[in-house]
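Here the structure is laid out as structure tokens; the discussion comes afterwards.
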Amino acid sequence: MPAMAENYKPVDIKPLDPAYFIPKRHESRTYLITGGARGIGAASAIRLAREGANVVIFDVLAKEGGETVAQIRKEGGKAEFVKGDVRSNSDLQKAVDHALATFGELNGALNSAGVMAAMAPDAVLDYKKQKELLPSPIADASDEYFDTLMDINATGIFKSMRSELKPMLKQGKGGAIVNICSIAGLTGLAGNSAYVASKHACSGLTRSGAIDYAPYGIRVNSVNMAATETAMTDMAIKYVMAASKENSASNVVSMGRTKTLSLQAYADSKKRQATVWEQASVISFLLSDEASNLTGALYATDGGWTAY
């Protein structure tokens, strides 16, 4: 007869060592990384550079972007920074041109630029003054909130992919693109109408790109993570706490607390989020030749969030 569950000792899953990488995995390849100044984009840039890639970081955050480039160069890697906004065709073209002029070709891209609110993730939160910029259900959402998220998370992915695909097609060597589409690109999330809509668009663009460019040896996949240790997640936690406080004395019915943790976070003794290095590991794999049979897929790198 099997032992009862209470006889088993709970075990936390140890997060990936931030220093881990696979030498020469991306040797001599060049990748453009939108939103690469910090968070998952920065961790991916560092991981790819450690594995031999040339990386061009594209972001509106010049200070953080410069710091990430400096870290890569200090470790002996090759990296460049181009300041720009994914909403701007000319900015994106500038980044692509810089990659081609500096490293000779473009072999792939990680599109990680994205926002959850119509304001910077590290902005000082003033819930009452910024309410129209913050995540909202459909009936309460402002045009500015919805339009900003669609412009960056959906149209920004479209413009980024368009800019990246053109030189890759011209080169005739194939390549790979990874988009960050979030669990919001797989499921609904309470009180995040524009984020969910924009990330579902990201998932759609991933699949459409995979179909259209398979004949040219270009693979397109997405990673769809749940809560990960980033400035965006920090902002979301602050917002949820502020919104809960604001609505605590009212009769507002909210579905936001019906599901807050992934399977792994729930089971973990410290309820930890995913780390940026865990996400970067999957991204590096999907960009590599090891993922040669993988395209058009939306990978739930979410600690089991979408499993239940």
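Descriptive notes on the structure:
- Listed by chain and number, the lysines placed with their C-alpha closer than 27 angstrom to that of Lys94 are Lys63, Lys74, Lys78, Lys83, Lys159, Lys166, Lys170, Lys173, Lys199; residues fewer than eight positions away on the same chain are left out.
- FRET efficiency, Ser208 to Arg272 (Cβ-Cβ, R0 41 Å, nearest 0.05): 0.75
- Shape analysis of the stretch 63-102 places it in the oblate category; the axes a ≥ b ≥ c from the Cα gyration tensor give an a/c of at least 1.5, with a/b not above b/c.
- Sorted fewest first by neighbouring Cβ atoms within 10 angstrom, Glu229, Glu290, Glu6 come out as Glu6, Glu290, Glu229.
- Sorted by Cβ density within 10 Å, fewest first, the residues Thr228, Thr102: Thr102, Thr228
- Taking the square roots of five times each eigenvalue of the Cα gyration tensor of the chain, the equivalent ellipsoid has semi-axes of 32, 25, 18 Å, listed largest first.
- Computed label-point distance, nm, for sites Ala70 and Lys170 using a 7 Å Cα→Cβ extension: 3.4 nm
- Only lysines eight or more places from Lys131 in sequence, or on another chain, were considered; those with a Cα closer than 20 Å are Lys238, Lys245.
- The convex hull around the C-alpha trace of the stretch 1-136, projected and averaged over every direction, spans 13.9 square nanometres.
- Per-residue Cβ neighbour counts within 10 Å put Phe81, Phe103 in the sequence Phe103, Phe81, beginning with the fewest.
Read-outs: derived from the displayed coordinates by stated rules, not from any lab. Source: prediction; values computed, not measured. Cβ coordinates were reconstructed from backbone atoms using ideal geometry, including for glycine residues, and neighbour counts include every protein chain displayed.
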